[in-house]
Amino acid sequence: MSLIDDLRTLDPKQPGNWPWAIKIGAFLLIFVVVQVAAYFIFWQAQSEQIEKGRADVAKQKEVFLEKKKLAVNLEAYKQQRAEIEQSFGALLKQLPNKSEMDALLIDINQAGLGRGLAFELFKPAEKENFTEFYAELPVNIKVTGNYHDLGAFASDVAKMPRIVLLTDLKLDPPKEGVLSMEAVAKTYRYLDEEEVAKQRKSAKDKAAKGGKGGK
């Protein structure tokens, strides 16, 4: 008698009379169905929670390692910051304050006169150009002299303890051996605390107006 014939003759009300092969097959089938049902009812949610927990642990581990790295390098960061502040302070010392600007302009003028140059124009701008920490004052100059003296004057200005930049240089053709040079001497000074606060407030006001305008 074949297995198919056995299945056809089975009495579902009396499973105890089934052949052993069919009993084992039915048991295995019920076991598989129970396992699949249990997975979808109970284990799937738990598995998702476990995976989420693993992801959270991995994320916390990354955060921990990043904080550990920062902690290890904290002293190096402090030292680097101190060096930057020291360098910034040294640069500020090369900028005059408001009361020293007149003396700096006189020094530029004296540097030209000391080289035997004649000033045809020495005109500071009416307004300074402000940034957050310093102000720039352009000075339009025009001097005449021989080539060597003009070069020496430019070198003297570059060697000044205060920062002065000669820009927009223009040399006119010589007349009777005398050259004419036009330039813009840009001088800089650092802002006092009141001016710095004013510049920061102005920047915040502009940012606030820009934000309102963008809405």
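As a length-normalised measure over Cα pairs under 8 Å and 6 or more apart, the relative contact order of the stretch 98-196 settles at 29 percent. You can think of it this way: the chain between Arg54 and Leu29 has 5.6 nm of extra reach, that is 0.36 nm per residue less the Cα-Cα gap.
When you filter the trypsin sites (Lys or Arg not before Pro) in the stretch 98-170 for DSSP loop state and at most 14 other Cβ atoms inside 10 Å of their Cβ, you are left with Lys127, Lys159.
Rounded to the nearest 0.05, what FRET efficiency is calculated for Asn140 and Lys78 with R0 set to 35 Å and r the Cβ-Cβ distance? Walk me through the numbers on the way to the answer.
On the way: r = 46 Å, r/R0 = 1.30.
It comes out at approximately 0.15.
Net charge within 10 Å of Tyr188 by Cβ-Cβ distance, Lys/Arg positive one each and Asp/Glu negative one each, not counting Tyr188 itself? Write out the running numbers ahead of the final one.
Details: positive: Arg162, Lys186, Arg189; negative: Glu128, Glu136.
Neighbourhood net charge equals +1.
Summing Lys and Arg as +1 and Asp and Glu as -1 over all other residues whose Cβ lies under 10 Å from the Cβ of Arg115 gives a net charge of -2.
Can you sort Thr144, Thr167 from fewest to most other Cβ atoms within 10 Å of each residue's own Cβ? Numbers along the way, then the final one.
On the way: Thr144 18, Thr167 9.
In order of increasing Cβ crowding within 10 Å: Thr167, Thr144.
Qualifying GluC sites (Glu not before Pro) in the stretch 168-203, where qualification requires a DSSP coil assignment and no more than 15 other C-beta atoms within 10 Å, comprise Glu176.
All of the numbers you see were taken from the coordinates with simple rules; none came from a lab. Model, not experiment: these values are computed from the prediction. Backbone-built Cβ (ideal geometry, glycine too); neighbour counts: all protein chains shown.
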